[in-house]
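Data first, discussion second: the structure below is written as structure tokens.
The values are calculated or read from the model by the stated rules, or taken from the named source; none is laboratory data. Predicted model only: the values in this text are computed from it and were never measured. Cβ atoms come from the backbone with ideal geometry, glycine included; neighbour counts cover every protein chain shown.
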Amino acid sequence: MRRRGFALAPLMALAACSGGPEKREPTAKDEIFEPARPPVVAERPPAGKGADRPLPLAPAKPSQPTPPAPAVGRPKKAMEAHALNVAFRCASHDERHSTAQADVEVLDGRVAYLRARLATPKGGVCEFALPDFTQQKRLPNVELKANSGRCTLRMWEQGPKVTLAYSDCEDYCKPAAAMEYILPILYDRRVNRCN
């Protein structure tokens, strides 16, 4: 038994001197997400009404939470549906280190401008722009369907908050799996901020 132990010692010393195993390049299986790249945005008109505006800068640290909604008693009658009217530009950074940037204008339930970009901390990016969608509904909530694919964007208000939500929008994310990690954008009119 001792002889075998001594025979392995020179081999182990030789392996330590040779620099160890060679490093291999990472493969697609090693990482779920590829490094973040600027999003690919479809060609837009260079100027005028349809031109993209720059999104607000994403904050480097987490955004402050919005105040809780005021307590409301039980309504005595059903809420009447009314057309959404909202315009906001906001950017947020949450505790999961995800960022959201949005520029939205809705007048009388009709979307006049929409551009949103959501990024996960692992490099996933989802981006939405109005030219890629067609509005289907304006009441009781705003609904936009993708010109191609199954993606649906919905907007509604509840008290002082306006929600922008998305479903089946993997085609607008890079990688497609990023869709599983993004949350709706909640804009609070009271503090002119989104979460």
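Observations
- Scan of segment 170-189 for residues that are part of a loop (DSSP other than H, G, I, E, B), closer than 19 Å to Ser92 by Cβ and in contact (Cβ under 8 Å) with a residue 24 or more places away in the chain, ordered by number: Ile182, Leu183, Arg189
- Qualifying residue in segment 108-121 (condition: out of contact with any Asp or Glu (no Cβ under 9 Å at 6 or more places or on another chain), without any contact (Cβ under 8 Å) to a residue 60 or more places away in the chain and not in a loop (DSSP other than H, G, I, E, B)): yes
This table checks each residue for (1) of a type outside the set (A, V, I, L, M, F, W, C); (2) surrounded by 15 or more Cβ atoms within 10 Å (Cβ to Cβ); (3) modelled with pLDDT of 95 or more.
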| residue | (1), (2), (3) |
| --- | --- |
| His97 | yes, no, no |
| Leu114 | no, yes, yes |
| Arg138 | yes, yes, no |
| Leu186 | no, yes, no |
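- Note on segment 177-187: residues that are within 21 Å of Pro131 (Cβ to Cβ) and over 11 Å from the mean Cα position of the chain (by Cα) amount to 0.
- Total residues in segment 122-136 satisfying the condition of being surrounded by fewer than 20 Cβ atoms within 10 Å (Cβ to Cβ), outside any strand (DSSP E or B) and either of a type in the set (Gly, Ala, Ser) or touching a Gly at 6+ places or on another chain (Cβ under 8 Å) (or both): the figure is 2.
- Considering segment 157-166, the residues that are modelled with pLDDT of 95 or more and surrounded by fewer than 19 Cβ atoms within 10 Å (Cβ to Cβ) include one that is nearest to Asp132 (Cα to Cα), namely Ala165.
- The set of residues in segment 161-195 that are acidic (Asp, Glu) and touching a Pro at 6+ places or on another chain (Cβ under 7 Å) contains only Asp188.
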